[in-house]
1. Round to the nearest 10 and give me the degree value, 0 to 90, for the angle of helix 140-158's Cα axis relative to the longest principal axis of the chain.
2. To the nearest 0.05, what FRET efficiency results for residue 80 and residue 297 with a Förster distance of 22 Å applied to their C-beta separation?
3. Can you tell me the convex hull volume per residue for the chain, based on C-alpha atoms, in Å³ to the nearest whole number?
4. Which FRET efficiency, nearest 0.05, do residue 206 and residue 312 yield, Cβ-Cβ r, R0 45 Å?
5. Where does each of 219, 149 land when they are ranked from fewest to most other beta-carbon atoms within 10 angstrom?
6. Could you list 90, 107, 178 in order of exposure, starting from the residue whose Cβ has the fewest other Cβ atoms within 10 Å?
7. Per DSSP H run of n ≥ 4, the term is -39500 (n - 2.57); total these for the chain, divide by its residue number, and report the mean residue ellipticity at 222 nm rounded to 500 deg cm²/dmol.
8. By how many degrees, between 0 and 90 and to the nearest 10, does the Cα long axis of helix 211-228 differ from the longest principal axis of the chain?
C-alpha cells in the first residue's frame, strides 16, 4: 500500500520548457505573456467589480459570470509563476511537489469552467424556455448550491491525479513540453506503467467535459426550438442575441481543450511546438477573451465601462 502513495523515483524537480525554436526572442515572448496576463487579470477583475457595483446585474446570469471570472483569474494565477520563472527570469526548474500542485489547480479550474458553462447554459434555457418560472427556479440560494456543486465535483475529480502520479517512478529526463505542468505532459515521463493514469484521465475527460458538452448542446437545441416558435423575426434575433456571449465562451473553451486532448493522445509524433502552441491557446485565450466578449455584448457592462472611462478622462 505504501508504494501506491509514495513517489518511488529519485527526482526532485522538473525542467520546464519555453520555446527553444524561438531562441533570441525570449524577451519579446515574455512581454507578450505579460500583456496577455494583464488583459486577463484586469478584464476579469473589472467584470467582478461592475457586477458587484451595478444593482441591475444582481441576477443569476451575472452571478454565474462572476464565478466564471473568478475561475479565469484562478487559471491565470495558476500558470503565472512558472511561465514568468521559465521565460522571464530563466529559472526552468520547478520542484516535484510544486509541479503536482500546479497541475492540480490548472485542471481543477479547467473542470470548474466546464461546469460553470453548463450552469450558464441552464440559465439561458430557463430564461428563454420558461421565463415565467425563471425567478423561482434560479433563486440566489439555488445559484449558490449550483456553484458549490460545481466546485465539489471538480475537486473530487482532480484530487486523485497527484497521488496517482506520486506512486510512479520517474527515471527518465524530466523535461516538460511546456512552461507549466499538465497531466497529459507528466504521464509521458514515468518509466513505470501509466495505464491507470491514462485510463483515469480519459474517464474524467469523458465524464466531465463529454457530459457537460452534450448537455450544453441539448440545451441549445431546446432553446432553438423555443426561439423558432417566436413569430416575429425581430423577437427571434433579440432572444438569440442574449445567448451570443455564452456561445462564444463555450466555443473558445471547448475547441482548444478538445484540440489539446487530441494532440496529446493521437499526435505524439507532432512537433513539440504544436503541443506548446495548442496548450497556450487552451490556457491563455479563454481567460483573456471571456471578459472582452461579455463587455462588448452585455449592454449594462458596456455602459458601466464607458462611464468609468469617461470619469478617468475627466
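Each reported figure results from applying straightforward, stated rules to the coordinates on display, with no laboratory input. Bear in mind the structure is a predicted one, so any value in this text is a computation, not a measurement. Counting neighbours? That spans all protein chains shown, and the Cβs are built from the backbone with ideal geometry, glycine included.
1. Roughly 20 degrees, rounded to the nearest 10.
2. After rounding, the FRET efficiency stands at 0.20.
3. Cα-based convex hull of the chain, divided per residue, equals 156 Å³.
4. With a Förster radius of 45 Å, E is 0.40.
5. Values: 219 22, 149 12.
Least crowded to most crowded, the residues run 149, 219.
6. 90, 178, 107
7. Numbers: 14 runs with 229 residues, N = 314.
Mean residue ellipticity, 222 nm, calculated: -24500 deg cm²/dmol.
8. That works out to roughly 20 degrees.
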